[in-house]
There are 2 protein chains.
Amino acid sequence: MKDDELIVCFATKNEGKYHEAACVAAEFGITITQLSLEKHEIQSDDLRIIASVAAQHAFQASSVERVVAEDAGFFVEALNGFPGPYSAYAYRKIGVDGILKLLQVNDRRNAFFASAVAYYDKWKCSACFEGTVQGRVSLLPKGLLGFGFDPIFIPCEGGGRTFAEMETSEKNKFSHRAQAFSKFFKWIKTNHPHND
Amino acid sequence: MKDDELIVCFATKNEGKYHEAACVAAEFGITITQLSLEKHEIQSDDLRIIASVAAQHAFQASSVERVVAEDAGFFVEALNGFPGPYSAYAYRKIGVDGILKLLQVNDRRNAFFASAVAYYDKWKCSACFEGTVQGRVSLLPKGLLGFGFDPIFIPCEGGGRTFAEMETSEKNKFSHRAQAFSKFFKWIKTNHPHND
């Protein structure tokens, strides 16, 4: 097998996440395929643990050789890190408006996104990679791109626009997920475990 | 072994939950002991699934014969059921004030608590029992008893007071947890599986 034939399955039902990861993978000459499995998620304050357990379960539930799972969260400083690892649930239930209601106008609006990408393969090799992006919560939602809390997150770099105002290629220059996937792709290309 | 010697371990680190369950157990002549384990919780919108997986894990992690685990949630109608199964996390991060901020004054304030008590034993017998209590979210927190969202929950029965204004014996007349544990204790006394 050549380097450019390295294939990794990304266990996710989230098309947006898959698209972002696939764009990063392309830069590394790696093929990433989507494995649309129900994610097995445990409750934990640690994204790395949630992602690692999910990767191992996805591996066991499928017949693929190499699998990654990702967990991400939106951490708002003035809310003690809420919604954190439960961002997808909070988004479904209270949405971006819920976060804006919870923040008083005078609250510090610092926030960050974090992502953990966990890898598991048939040779029982596992690893986990993280990425974070610092920024702030906007006063109002802006933009229609991306997903989740993207419309209310303004990264420190990016000219004051929210993630939802950026195309994937631009978001990927800063994003937590792109950073975590980049670390993973570098690692697997360098270490390339069990590639005959 | 006689009926009154039936012993069940309740896997919880929450002293408040244990105390409530022990009060109900006493009415049934059942002994409940606390097993202070780290709870293995999966992410799910279904309390029964979370409790059942936790019970099975607690059983595997201990050497007890009979174990119960409980999962509870506070479901606010105007917030699409938020915080639901993630109530403990939401309580730690945004507290009762967070829920009050999310609700507009004119929103319907209907809410309910739900509890799922899951049982697992060394004979591989498993079962799950639920309880719910309807009520509303108060305009302000009241009372110092109980725990979690008790200070902002007014059950339909109870004279307009919050759960945090009631002693355990009174809260147990209405509470979701007392109902679920009562169903469980009735079941185990009647069926009494594997009691020689």
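Measuring against 27 Å, Cα to Cα, the residue pairs A:Lys124/A:Lys183; A:Lys93/B:Lys124; A:Lys39/B:Lys17; B:Lys13/B:Lys186; A:Lys142/A:Lys183; A:Lys101/A:Lys183 contain A:Lys93/B:Lys124; A:Lys39/B:Lys17; A:Lys142/A:Lys183; A:Lys101/A:Lys183 as the ones spanning a longer distance.
Would you work out the charge dipole size for the range B:3-191 about its Cα centre, treating the Cβ of every Lys and Arg as +1 and the Cβ of every Asp and Glu as -1, and quote it to the nearest 20 debye?
On the way: 21 positive and 23 negative charges, 70 e Å.
Computed charge dipole of the range B:3-191: roughly 340 debye.
Ordered by the number of other Cβ atoms lying within 10 Å of each residue's own Cβ, fewest first, B:Leu103, A:Leu47 fall into the sequence B:Leu103, A:Leu47.
So if R0 is 51 Å, what FRET efficiency would B:Thr168 and A:Gln104 give, r being the distance between their Cβ atoms, rounded to the nearest 0.05?
Numbers: r = 35 Å, r/R0 = 0.69.
Between B:Thr168 and A:Gln104 the formula returns 0.90.
Neighbouring Cβ atoms within 10 Å as the yardstick, rank B:Val67, A:Val68, A:Val8 fewest first.
A:Val8, B:Val67, A:Val68
The angle separating the long axis of helix A:47-61 from the principal Cα axis of greatest extent in chain A is about 40 degrees. Working from label points 7 Å from Cα in the Cα-to-Cβ sense, the A:Lys122 to B:His19 distance is 5.6 nm.
Counted over the range A:120-196 with a bin width of 5 Å, the fraction of Cα pairs per bin, in whole percents, is 3, 15, 22, 18, 11, 9, 9, 7, 4, 1, 0.
Its residue count N sets the reference 2.2 N^0.38 Å, and the alpha-carbon radius of gyration of the range A:3-191 equals 1.01 times that reference.
Sort A:Thr33, B:Thr162, B:Thr190 so the one with the fewest other Cβ atoms within 10 Å of its own Cβ comes first. Write out the running numbers ahead of the final one.
Details: A:Thr33 13, B:Thr162 25, B:Thr190 7.
Ordered from fewest to most neighbouring Cβ atoms within 10 Å, A:Thr33, B:Thr162, B:Thr190 come out as B:Thr190, A:Thr33, B:Thr162.
Between B:Ser36 and B:Glu5, 0.36 nm times their residue separation minus their Cα-Cα distance comes to what? If you can, show how the numbers build up before the last one.
Numbers: separation 31, 0.36 × 31 = 11.16 nm, distance 2.13 nm.
Full extension from B:Ser36 to B:Glu5 adds 9.0 nm.
Each Cα pair of the range B:1-110 feeds into the Kirkwood radius, which the Stokes-Einstein equation turns, at 37 °C and 0.692 mPa s, into a diffusion coefficient of 209 µm²/s. Springs between Cα atoms under 10 Å define the GNM used for chain A, and in it the highest mean-square fluctuation of A:Ala111, A:Ala72, A:Ala26 occurs at A:Ala26. For the range B:152-196, the alpha carbon convex hull comes to 79 Å³ per residue, rounded to a whole number.
Each 10 Å bin from zero holds the following percent of Cα-Cα pairs in the protein assembly as shown: 5, 21, 26, 23, 16, 7, 2, 0.
Can you work out the FRET efficiency for the pair B:Arg161 and B:Gln134, with r the C-beta to C-beta distance and R0 = 22 Å, to the nearest 0.05?
Efficiency for this residue pair is about 0.90.
Taking the Cα centre of the protein assembly as shown as origin and assigning +1 to Lys and Arg Cβ atoms and -1 to Asp and Glu Cβ atoms, the resulting dipole is close to 520 debye. If you take the Cα centroid of the range B:2-68 and the Cα centroid of the range B:140-192, the two points sit 17 Å apart.
Each value in this text was obtained by applying a stated rule to the coordinates, not by laboratory testing. These numbers were taken from a predicted model, which means no experiment stands behind them. Don't worry about glycine lacking a Cβ; one is built from the backbone with ideal geometry, like all the others, and counts go over all protein chains shown.
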